[in-house]
Every structure is written in C-alpha cells, then in structure tokens.
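> First the structure, which I've put down as structure tokens, then a few questions once you've had a look.
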Amino acid sequence: MTRLGKGNRDGWDALSDWYDLKQGEVGDLWHRALIDPVLLKAVGDCRGKHVLDLGCGNGYLSRRLARQGAEVTAVDASPKMIKNAKARGRGSAVRYVCSSANQLRDVPNSKFDIVFANMSLMDISDAEGAVGEAARVLKKGGRFVVSISHPCFDVLSNSGWVAEKALANPLAVYRKVRGYREPFSEMVPWNIGDGSKGYTVGYHRPLNWYARVLHSKGLAITALEEPEPTREFIEREQEQQGDLDGVGFQEVPLHLVIEAVKL
Ligand SMILES: C[S@@+](CC[C@H](N)C(=O)[O-])C[C@H]1O[C@@H](n2cnc3c(N)ncnc32)[C@H](O)[C@@H]1O
C-alpha cells in the first residue's frame, strides 16, 4: 500500500474544527439521513452496555448512545477532535481518550459489549491493528459494528458516476470502478468552505481484505447492510449536486455496514 505523509492524524487534526461544525450534535446529511440509521440499528439497544466508539470524531454518536443509557468510551487519534468532543460533551457520561485505535493502551481485555467504528476504519492506516484491538477489548459474544465507504463501489478517485442520456432512457447513471483489487491510499480532498480544500488520507482495501482480517482476529461476520438513501437524502443531494448523485445512490450503494461477533 502506498505510504503517504505522516498518516491520518495530522490531516484530521487540522480539519477538526471544520468537522466538528459539520457533524454538530446530530450528524451531517450523509451521516444523519444515510449511514447512521443503519449503523445504529445494527448497534441495537445498548442500555446498560459497555460501548467503545473507535475513531469517534467529535463524539456526537457517543453522546447519543450515552443518553440512551450506555457506558461509552470514545477514542480518537486526533488531540483536537478529542478536545472538541470534550468541550461539547461537558456533563455527558462519555469517557474520551486520545489514542490510536491500533494501540488501545490501558483498555483491559474483554471489557466491551459493543465496539463500533463509524466511517473511520478506511481512514486508519493500521486498520488490521485496529480490528485486532477491537477483538481484544470485546467480550466473548460481543459485537463489532463498522460502517465504511463501500469497498466495491467507492474506490477513492478510482470510481465515480457516469451518466448516459438516450431517447428510451432519459438518464441512466452508472458507477465506474477501476483498480479495485489492490489496496492503496491517497489524499482525500474535502471542501472546507470559501473555496478552500483540506486533505486527509483514505485507504482502499477490497472486500475480501475486510472478511479475511475480521476472520483472522476471531470475529465472525453476522450481517452486511448497504444503506439506502432516505427521501430527504435524495432530494437534498439532487438540489446540491444535480441528478447524478440523487439517481445513482438509489441504485448503487456507496456505504457498507458490517456486524461481526467475537467468537
Ligand atoms: C470520517 S471521521 C469519522 C468520525 C466519527 N466516527 C463520525 O462518524 O463522525 C474519521 C475519524 O477517524 C479518526 N482516526 C484516523 N486515524 C485514526 C487512528 N489511527 N486511530 C483512531 N482514530 C483515527 C480521525 O481523527 C477522524 O476523527
């Protein structure tokens, strides 16, 4: 896999204030109206359970689950993300820890009922190490719930929408993909306002990479879900991005939610 820069901590650290405003306390459109409903359904009722949020960002999901009665620990490698999460989370019961997901020092074995990672695993350079740590800190029978960019259809800049107009079919939208099989990393651009761009590092790994790594860490896949866009998501995307995103998302999923159980 291509190595880029110092890895992802500095990228996300530099974007932490922008990301904090973007997600707020309920998540942005993509999280709130596309990914989170499926992730949270897989997480299920976590009242009274010990829950770990891996790569928590500003921690809005951690606080949501804590309000529902979970004992939540939230981990992120970016010191500024954790600072912002703590500032938002004053008075909430969440324990925030600044640590890399692949080295959860001070977290004992078999502590958690549920570990979840919302859109963070494909941003983590040592994702295999992070899965290993998730498995270590889960209780036997505990569940690891992960949402990621869909490895088959969202292959960083090796993928995109293509539209074809024809008389019989006014707008057919296809997803083009190349270079799927080989893991690679590249800089991911984010529009951070005023025409400026910020960059993080994204890591593509094919679907069989996830299956093999989960299996090798003693985690058995029990569910795979491909979030479908809500009506709100389609309408807002069509307003903002035009027909391509709105039409394409209804037919091709760009996210995957995996649930795996510790054997
Ligand atoms: C796209 S954000 C997702 C944040 C949050 N889960 C959410 O849903 O808003 C990815 C997060 O992964 C974190 N991250 C990247 N590498 C990490 C690592 N090695 N260990 C822990 N967190 C990491 C980043 O700092 C960032 O907060």
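> Return yes or no: is residue 29 more than 9 Å from the ligand (Cβ to nearest atom), out of contact with any Gly (no Cβ under 9 Å at 6 or more places or on another chain) and either under 22 Å from residue 189 (Cβ atoms) or modelled with pLDDT under 95 (or both)?
yes
> Condition test on residue 54, is it out of contact with any His (no Cβ under 7 Å at 6 or more places or on another chain) and closer than 19 Å to residue 217 by Cβ?
Criteria met by residue 54.
> Condition first: among the small types (Gly, Ala, Ser) and away from the ligand (no atom under 15 Å from the Cβ). Can you find one or more residues in region 103-114 that meet it?
Checked region 103-114: at least one residue is among the small types (Gly, Ala, Ser) and away from the ligand (no atom under 15 Å from the Cβ).
> May I ask you to list the residues in region 47-63 that are under 24 Å from residue 141 (Cα atoms), of a type outside the set (Lys, Arg) and without any contact (Cβ under 8 Å) to a residue 40 or more places away in the chain?
48, 62
> Sticking with this one: Among the residues in region 133-140, are any farther than 24 Å from residue 218 by Cβ and crowded, with 17+ Cβ neighbours inside 10 Å?
No, that holds for no residue.
> Name the residue that is nearest to residue 178 (Cα to Cα), counting only residues in region 105-126 that are more than 12 Å from the chain's Cα centre (by Cα) and surrounded by 23 or more Cβ atoms within 10 Å (Cβ to Cβ).
Among residues in region 105-126 that are more than 12 Å from the chain's Cα centre (by Cα) and surrounded by 23 or more Cβ atoms within 10 Å (Cβ to Cβ), the one nearest to residue 178 (Cα to Cα) is 115.
> Also: If you take the residues in region 60-86 that are within 20 Å of residue 200 (Cβ to Cβ) and either near the ligand (Cβ under 8 Å from one of its atoms) or of a type in the set (S, T, N, Q) (or both), which one is surrounded by the most Cβ atoms within 10 Å (Cβ to Cβ)?
Here the answer is 76.
> Quick check on residue 261: is it open to solvent by less than 70 Å² (accessible area, probe 1.4 Å), touching a Lys or Arg at 6+ places or on another chain (Cβ under 6 Å) and farther than 28 Å from residue 13 by Cβ?
Criteria met by residue 261.
Residue-by-condition table, conditions (1) assigned to a helix (DSSP H, G or I); (2) within 24 Å of residue 149 (Cβ to Cβ); (3) at pLDDT 95 or above; (4) out of contact with any strand residue (DSSP E or B) (no Cβ under 9 Å at 6 or more places or on another chain):
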{"position": "35", "(1), (2), (3), (4)": "yes, yes, yes, no"}
{"position": "42", "(1), (2), (3), (4)": "yes, yes, yes, no"}
{"position": "46", "(1), (2), (3), (4)": "no, no, yes, no"}
{"position": "69", "(1), (2), (3), (4)": "no, no, yes, yes"}
{"position": "81", "(1), (2), (3), (4)": "yes, yes, yes, no"}
{"position": "85", "(1), (2), (3), (4)": "yes, yes, yes, no"}
{"position": "91", "(1), (2), (3), (4)": "no, no, no, yes"}
{"position": "104", "(1), (2), (3), (4)": "no, yes, yes, no"}
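> Being more than 21 Å from residue 51 (Cβ to Cβ) and within 16 Å of the ligand (Cβ to nearest atom): is that true of residue 133 here?
no
> Do any strands (runs of 3 or more DSSP E) entirely within region 115-203 hold 3 or more residues that are over 20 Å from residue 257 (Cβ atoms), and if so, which? Can you show your working first?
Details: elements: 138-149, 159-164, 172-177, 184-193.
In region 115-203, 159-164, 172-177, 184-193 are the strands (runs of 3 or more DSSP E) which contain 3 or more residues that are over 20 Å from residue 257 (Cβ atoms).
> Checking residue 42 against (1) touching a residue at least 40 places away in the same chain (Cβ under 8 Å); (2) more than 9 Å from the ligand (Cβ to nearest atom); (3) open to solvent by 30 Å² or more (accessible area, probe 1.4 Å); (4) in contact with a Lys or Arg (Cβ under 9 Å, 6 or more places away or on another chain), which single condition isn't satisfied?
Exception for residue 42: condition (3).
> May I ask you to say which residue of 228, 239 is surrounded by 13 or more Cβ atoms within 10 Å (Cβ to Cβ) and of a type in the set (Asp, Glu)?
228
> Would you check which residues across region 123-173 are among the polar types (S, T, N, Q) and in contact (Cβ under 8 Å) with a residue 12 or more places away in the chain and list them?
Passing the criteria: 125, 147, 149, 157, 158, 159.
The values are calculated or read from the model by the stated rules, or taken from the named source; none is laboratory data. These numbers were taken from a predicted model, which means no experiment stands behind them. Here Cβ is always computed from backbone atoms with ideal geometry, including for glycine, and neighbour counts include all displayed protein chains. With ligands, DNA and RNA removed, areas are computed over all heavy atoms of the protein, side chains included. Shrake-Rupley method; radii C 1.70, N 1.55, O 1.52, S 1.80 Å.
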